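A.B. asks: There's a structure below that I have some questions on.
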Amino acid sequence: MRAELTARLNRIAETAGRYSVPGSTLIDVGSDHGLLSVYCLRNDMFERAVLTDINQGPADRSLAAIRENLLEDRAEVMVTDGLSGVPVGDNDVIVIAGMGGNNIRDIIGRFMEDHPEFPSGVRFILQPQKSVPELREWLSDKGFEIKDEDAVYEAGFYYCVLVVEYIGTVTGLSDEEIYYGPRMLEKLDRYPDYRDFLERVFEMRARGDTRLKKVLEERS
Ligand SMILES: C[S@@+](CC[C@H](N)C(=O)[O-])C[C@H]1O[C@@H](n2cnc3c(N)ncnc32)[C@H](O)[C@@H]1O
């Protein structure tokens, strides 16, 4: 099977590949169809992948995709909640994509509880479907740094892709950075379509969110 990726998954794969160094494993949490890992392995972006899913059905789909592509010797599929029991090594790249920001927060939070010594050089590539500002704020409060951010358009919607690293220091984000993203704010003018999309979404959300309303007033 030749793995073709949608724009969203393609951007996630490209981003993950940028942080791959010799020996780093791709850890694909919530792998579902397994397409991301198949693509990254077939294109030799990673030597190895671990695919995890909390549900047996998606894990079976992941395993079928791995087998169809003759990648069994380079990949392992686990049925587990988030990163529980997953061997995470230095410089591994962990993708958590296509799920809500609160679910992503809980997965990373449990990983931190289980690993008081955080492995070094680990990059998280996060693509939350919702609750993006809440996730940014939580990450910042827990000592993570948002190294890069991107937005990718697919089927009428923009998806955020965040590159995050644990630095163990709380740097803090302004309210504007929480909503727009600290790295995205630096380049928002280069993405006018995304900026317009975001501002339409924010206009609606600000009706019930006084913090966001204040951010929008200060920007206007
Ligand atoms: C919408 S799919 C996204 C699949 C793929 N990551 C993508 O971005 O296209 C979400 C997948 O995450 C899995 N999932 C949800 N919560 C999870 C958790 N706590 N641990 C592992 N997998 C989880 C679901 O079973 C489902 O297969």
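A.B. asks: If you rank M184, M99 by how much accessible surface each has, with a 1.4 Å probe, what is the order from largest down? Each step should come with its number before you reach the end.
C.D. replies: Values: M184 5, M99 35 Å².
Per-residue accessible area, sorted high to low, gives M99, M184.
A.B. asks: Something else now. Sequence-distant or interchain residues sharing an amide H contact under 5 Å with G98, placed H: which?
C.D. replies: Counting only residues 5 or more places away or on other chains, the set is Q127, Q129.
A.B. asks: Could you give me the ³J(HN,Hα) list for the range 150-159, computed from phi with Karplus coefficients 6.51, -1.76, 1.60 and θ = phi - 60°, whole Hz, x at Gly and Pro?
C.D. replies: 8, 10, 10, 8, 8, 6, x, 9, 9, 10
A.B. asks: Another question, then. For the chain, what proportion of DSSP beta bridges, expressed in % and rounded to the nearest 5, is antiparallel? The partial results should precede the final answer.
C.D. replies: Numbers: 14 of 34 bridges.
Among the beta bridges of the chain, antiparallel pairing accounts for roughly 40 percent.
A.B. asks: Follow-up. Could you tell me which trypsin sites (Lys or Arg not before Pro) in the range 1-37 are loop residues by DSSP with no more than 13 other beta carbons within 10 angstrom of their beta carbon? Kindly include the intermediate steps, with their values, before the conclusion.
C.D. replies: Details: sites: R2, R8, R11, R18; in loops: R2.
Sites meeting the loop and neighbour criteria: R2.
A.B. asks: Sticking with this structure for a sec: Can you run phi through the Karplus equation (6.51, -1.76, 1.60; θ = phi - 60°) for the range 206-220 and list ³J(HN,Hα) in whole Hz, with x for Gly and Pro?
C.D. replies: 5, 4, x, 9, 5, 5, 5, 4, 5, 4, 5, 5, 5, 7, 7
A.B. asks: Percentage of Cα-Cα pair distances in the range 72-220 greater than 22 Å, rounded to whole percent?
C.D. replies: Working: 4748 of 11026 pairs.
The proportion of pairs with Cα distances above 22 Å equals 43 percent.
A.B. asks: Run down the lysines and flag those whose C-alpha is under 23 Å from the C-alpha of K142, throwing out any fewer than 8 positions away in its chain.
C.D. replies: Cross-link targets: K130.
A.B. asks: I've got another one for you. For the range 7-172, what % of the accessible area comes from carbon and sulfur atoms, probe 1.4 Å? Working shown, then result.
C.D. replies: On the way: 3150 of 7000 Å².
Looking at the range 7-172 in its full context, I get 45 percent from C and S.
A.B. asks: Here is a further query. Could you derive backbone 3J(HN,Hα) for the range 167-176 from the dihedral phi with the Karplus parameters 6.51, -1.76 and 1.60 (θ = phi - 60°), listing whole Hz in sequence and x where the residue is Gly or Pro?
C.D. replies: 10, x, 10, 8, 8, x, 10, 6, 4, 4
A.B. asks: Still on this structure, I have one more. Bins of 5 Å, beginning at zero and ending with the bin holding the largest distance: percent of Cα pairs per bin for the range 174-220, please.
C.D. replies: Here the calculated profile for the range 174-220 is 5, 22, 32, 28, 11, 1.
The values are calculated or read from the model by the stated rules, or taken from the named source; none is laboratory data. Only a predicted model underlies this, so the values are computations on that prediction, with no experimental measurement involved. No Cβ is skipped: glycine too gets one built from the backbone with ideal geometry, and neighbour counts run over all protein chains shown. Please note that ligands, DNA and RNA were not included when accessible areas were found on the heavy atoms of the full protein model with its side chains. Shrake-Rupley method; radii C 1.70, N 1.55, O 1.52, S 1.80 Å.
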